[in-house]
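Student: Input: one structure, supplied below.
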Amino acid sequence: MTDWIAAARAAGDVAARHADEVDRQARFPAEAMAALRDAKLLGLLVPKDEGGPGAGIADIVSICHLLGQRCAATAMIYAMHQIQASCLVRHHGGAAWQRAFLKRLASEQLLLASATSEAGVGGDVRSSVCAVEEKDGRFALAKQATVISYGADADGILVTARRTPQSPASDQVIVVVSQKDARFEALQGWDTLGMRGTCSNGFHLKAEGEVGQIMPVPYADISAQTMLPTSHLVWSALWLGIATDAVARARAFVRAEARKKQGATPPGALRLAEATGQLQLMKAGLVSALRQYEAALGSEDALSALPFAIAMNTLKITSSQMVVQIVGQALQVCGLAGYRNDSAFSLGRHLRDAHSAALMVNNDRILANTAQLVTAVRDDSGLLA
Amino acid sequence: MSSVRERVRALLKTTGWLQTDIDTLADDADLYTAGLTSHATVTLMLSLEEAFDVEFPDSLLRRRTFSSVDTIVEALTSIGVDKAAV
Ligand SMILES: Cc1cc2nc3c(=O)[nH]c(=O)nc-3n(C[C@H](O)[C@H](O)[C@H](O)COP(=O)(O)OP(=O)(O)OC[C@H]3O[C@@H](n4cnc5c(N)ncnc54)[C@H](O)[C@@H]3O)c2cc1C
């Protein structure tokens, strides 16, 4: 176990203590996020050259999986932060402003949020309505951001926008906006079924700053090579965490039953065996996609190849479906004890959190995108290639 | 007889993939900046396969292949399309 994993476990203990309250009150998991910040886990991806420890995606995936078992909202915030961090780390293109910001990410353990969704385009993150306006080395930007998770608590926000007011909707850039240069006007609140602690309020966001804050690489490349694969990996990891904890609760329930009726296997054990198998499949899918991503890293061609995009899309679709299925199986095992909100076997929060997975970039949208890609590919790689 | 380049340009002109008129764009102009989306790239590829009776191998199925008239012509040439005329 690395020091990072040990630190993440400790932060996970803090997250677990507050998870029910965070969920009930739909409040920011401040205690858990402070623990992650204090343990310097926010700047984990920052390379050594920029003053960070230079951890890799596998470390982040492992931490998301751990946190997901304790408090899914905390895990989701951590995951979304690291998606933004990986975009900066991999695509700063040597630009001075971006590198300085990365240094701050490591030294100050900044928390980063994302504003891709926008009124008018919904979940179509590859289209923007708003545009960057440049003048005399400065930029201005205004976005009707329908959902910015923990927007009020973030230090920086990566905002997508059209490159210029004349650019087509798909010609986008990412602008790194500091909280202090931005004005937030509340658009809508976040009273949802699950993932309540992410505080994903809507804002009318207005920002200004230096032109250097615009990332030099087109968003299309950042999206395909980094944002999309890392999102699907870290999300799947925390969804696996939710499923893992649900199965753990089911197992504890079955074990308690077995103790009471010594000699007989409790009926729930059958469903538990079934859920354990599903969990194994879900884990295998994640680990294999993670290995695929690690193998593609370093090659722009491999990262922008269609079979790679298909694999990463498919990971998201299957994990988001399996988490709901597995929590449902665990609920079947625990019965009313799982259905109750006041029992040690309660699975209500797990189920509600799990249902966000298919909507967080709608599965039908991802499937429609994949449907186009599968028409184009032809060679199937070998079994162990 | 028209050149591969002219036929690629003609194809790009007839469809709604771009938001800028292809005639105003240079051979090396970025088609993504001109409005080509990732989704449209796939249909563009299928149309090119149909028009030139070729198949793009997986190794060419990436964003860069379709980023300009030049790169498309280069890709077609690399899979056996005669550059001068068809
Ligand atoms: C917990 C959570 C946190 C989030 N945090 C953030 C954040 O920090 N920043 C951010 O920018 N966004 C965030 N989002 C938003 C998310 O990324 C999506 O943009 C959002 O979930 C999509 O919202 P929608 O369902 O209203 O829109 P859409 O995806 O547009 O879906 C609307 C409807 O369109 C239908 N549809 C399906 N396929 C298609 C298609 N191909 N074309 C058109 N319509 C289709 C769907 O069935 C659906 O009913 C978050 C979402 C969740 C759940």
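Student: Given a 1.4 Å probe and no ligands, DNA or RNA in the count, how much accessible surface is buried by B and A, both sides, to the nearest 100 Å²? Intermediate values should be presented prior to the final figure.
Tutor: Numbers: alone 5030 and 17070 Å², together 20450 Å².
Buried surface at the B/A interface: approximately 1700 Å².
Student: Here's a follow-up. Only four residue types carry charge here, +1 at the Cβ of Lys and Arg and -1 at the Cβ of Asp and Glu. Report the dipole size of chain A about the Cα centre in Debye, rounded to the nearest 20.
Tutor: About 1100 debye.
Student: Additional query: Among DSSP beta bridges whose residues both lie in region A:1-160, state the antiparallel percentage, nearest 5.
Tutor: Values: 4 of 8 bridges.
Bridges in region A:1-160 are about 50 percent antiparallel.
Student: Then there's this: Around residue A:153, what is the net charge, scoring Lys/Arg as +1 and Asp/Glu as -1 over all other residues with Cβ under 13 Å from its Cβ? If you can, show how the numbers build up before the last one.
Tutor: Working: positive: A:27, A:37; negative: A:31, A:155.
That sum, taken over residues with Cβ under 13 Å, equals 0.
Student: Compare A:36, A:193, A:240 in a GNM of chain A, Cα atoms joined below 10 Å, and give the one with the largest fluctuation.
Tutor: Of the options given, A:193 has the highest mean-square fluctuation.
Student: Another question, if that's okay. Taking chain A as a Gaussian network, Cα atoms linked when under 10 Å apart, which of A:48, A:206, A:135 shows the biggest mean-square fluctuation?
Tutor: It is A:135.
Student: Hey, another quick one. Restricting to DSSP H runs of at least four residues, report the calculated mean residue ellipticity at 222 nm for chain A, -39500 (n - 2.57) per run over all residues, nearest 500 deg cm²/dmol.
Tutor: -17000 deg cm²/dmol
Student: OK, next. Roughly speaking, what is the stretch gain from residue A:210 to residue A:359, that is 0.36 nm per residue apart minus the C-alpha to C-alpha distance, in nm to one decimal? Please list the in-between numbers first.
Tutor: Details: separation 149, 0.36 × 149 = 53.64 nm, distance 3.47 nm.
Result for the pair: 50.2 nm of gain on full extension.
Student: Using a 10 Å cut-off around each Cβ of peptide B:57-68, what is the average number of partner chain Cβ atoms that fall inside? Before the final figure, lay out each step's value.
Tutor: Details: counts 3, 9, 3, 3, 10, 10, 12, 4, 2, 0, 1, 0.
Other-chain Cβ atoms within 10 Å of each residue's Cβ, averaged: 5.
Student: What order do you get for A:54-62, A:213-221, A:82-90 when each peptide is scored by the mean count of other beta carbon atoms within 10 Å, highest first? Could the numbers behind the result be given before it?
Tutor: Details: A:54-62: 18.7, A:213-221: 20.7, A:82-90: 23.2.
Going from most to least packed, we get A:82-90, A:213-221, A:54-62.
Student: Further question on the same structure: Please report the carbon-and-sulfur percent of the accessible area for region A:113-213; probe 1.4 Å, protein heavy atoms only, DNA, RNA and ligands left out. Spell out each step's value before the answer.
Tutor: Values: 1970 of 4120 Å².
Solvent-exposed carbon and sulfur of region A:113-213 make up 48 percent of the total.
Student: Also, I was wondering about something else. Mind checking the dipole of chain B: about its Cα centre, +1 per Lys or Arg Cβ, -1 per Asp or Glu Cβ, Debye to the nearest 20?
Tutor: Details: 8 positive and 14 negative charges, 26 e Å.
I would put it at about 120 debye.
Student: Which whole number gives the average count of other chain Cβ atoms within 10 Å of the Cβ atoms across peptide B:29-42? All intermediate terms of the calculation are to be shown ahead of the outcome.
Tutor: Values: counts 0, 2, 0, 7, 8, 4, 5, 4, 7, 11, 6, 2, 4, 9.
Mean shielding count: 5.
Student: If you don't mind, there's one more thing I want to ask. Could you name the aspartates and glutamates in cross-link range of residue A:283, using Cα to Cα under 18 Å and dropping any fewer than eight places away on the same chain?
Tutor: A:59, A:245, A:274, A:294
Student: Excluding ligands, DNA and RNA, what is the solvent-accessible area per residue of chain A at a probe of 1.4 Å, expressed in Å²? Show your work: numbers first, answer last.
Tutor: On the way: 16240 Å² over 385 residues.
On a per-residue basis, chain A sits at 42 Å².
Student: Classify chain B as rounded, prolate or oblate from the Cα gyration tensor: take a ≥ b ≥ c as the square roots of its eigenvalues, call it rounded if a/c is under 1.5, otherwise prolate when a/b beats b/c and oblate if not. Numbers along the way, then the final one.
Tutor: Working: a/c = 1.60, a/b = 1.19, b/c = 1.34.
Oblate is the answer for chain B, as a/c is 1.5 or above yet b/c matches or exceeds a/b.
Student: Could you name the lysines whose alpha carbon sits less than 17 Å from that of residue A:48, not counting residues in the same chain fewer than 8 places away?
Tutor: The qualifying lysines are A:40, A:103.
Student: Let me ask you something else. Please give the FRET efficiency for residue A:185 paired with residue A:259, using the beta carbon to beta carbon distance and R0 = 45 Å, rounded to the nearest 0.05. Could the numbers behind the result be given before it?
Tutor: On the way: r = 57 Å, r/R0 = 1.26.
Rounded to the nearest 0.05, the efficiency is 0.20.
Student: Give me the inter-chain shielding for A:367-377: mean count of other chain Cβ atoms within 10 Å, whole number please. Walk me through the numbers on the way to the answer.
Tutor: Details: counts 0, 1, 3, 0, 1, 7, 5, 1, 4, 9, 5.
Partner Cβ neighbours, averaged per residue: 3.
Student: On each of the three principal axes of the Cα atoms of the protein assembly as shown, give max minus min coordinate, whole Å, ordered largest first.
Tutor: Principal extents (Cα only, largest first): 86, 51, 40 Å.
Student: When the accessible area of region A:255-385 is split by element with a 1.4 Å probe, what percent falls to carbon and sulfur? Before the final figure, lay out each step's value.
Tutor: On the way: 4160 of 7200 Å².
Summing carbon and sulfur atoms, their accessible area is 58 percent of the total for region A:255-385.
Student: Still on this structure: Which lysines have a Cα lying under 26 Å from the Cα of residue A:143, excluding residues fewer than 8 positions away in the same chain?
Tutor: Of all the lysines, those that pass the test against residue A:143 - Cα under 26 Å, at least 8 places apart if same chain - are A:135, A:180, A:206.
Student: In nm, give the distance between the simple-model label positions of residue A:325 and residue B:5, each being 7 Å from the Cα along the Cα-to-Cβ direction.
Tutor: Going by the 7 Å Cα→Cβ label model, 5.3 nm.
Student: From the backbone phi of region A:266-281, what are the Karplus-calculated ³J(HN,Hα) couplings (6.51 cos²θ - 1.76 cosθ + 1.60, θ = phi - 60°) in whole Hz, Gly and Pro given as x?
Tutor: With the stated coefficients, region A:266-281 comes to x, x, x, 4, 5, 5, 5, 4, 5, 5, 4, x, 5, 4, 4, 4 Hz.
Student: Once the other residues with Cβ under 14 Å from the Cβ of residue A:136 are scored (Lys, Arg +1; Asp, Glu -1), what is the net sum? Don't skip to the end; give the middle numbers.
Tutor: Details: positive: A:135, A:138; negative: A:133, A:134, A:208, A:210.
Residues close to residue A:136 contribute a combined charge of -2.
Student: Choose one of A:359, A:311, A:222: the residue whose Cα lies farthest towards the positive end of the charge dipole of region A:219-376 (beta-carbon charges +1 Lys, Arg; -1 Asp, Glu; about the Cα centre).
Tutor: A:359
Student: With the crude spin-label approximation of a point 7 Å out along Cα→Cβ, what separation in nm comes out for residue A:135 versus residue A:103?
Tutor: 3.1 nm
Student: With each pseudo-label sitting 7 Å past Cα toward Cβ, what's the residue A:96-residue A:9 distance in nm, one decimal?
Tutor: Those two pseudo-labels are separated by 4.6 nm.
The values are calculated or read from the model by the stated rules, or taken from the named source; none is laboratory data. Just so it is clear, the model here is predicted, and its values are computed rather than measured. Cβ atoms come from the backbone with ideal geometry, glycine included; neighbour counts cover every protein chain shown. Accessible surface is based on the protein model in full, side chains and every heavy atom, while ligands, DNA and RNA are left aside. Shrake-Rupley method; radii C 1.70, N 1.55, O 1.52, S 1.80 Å.
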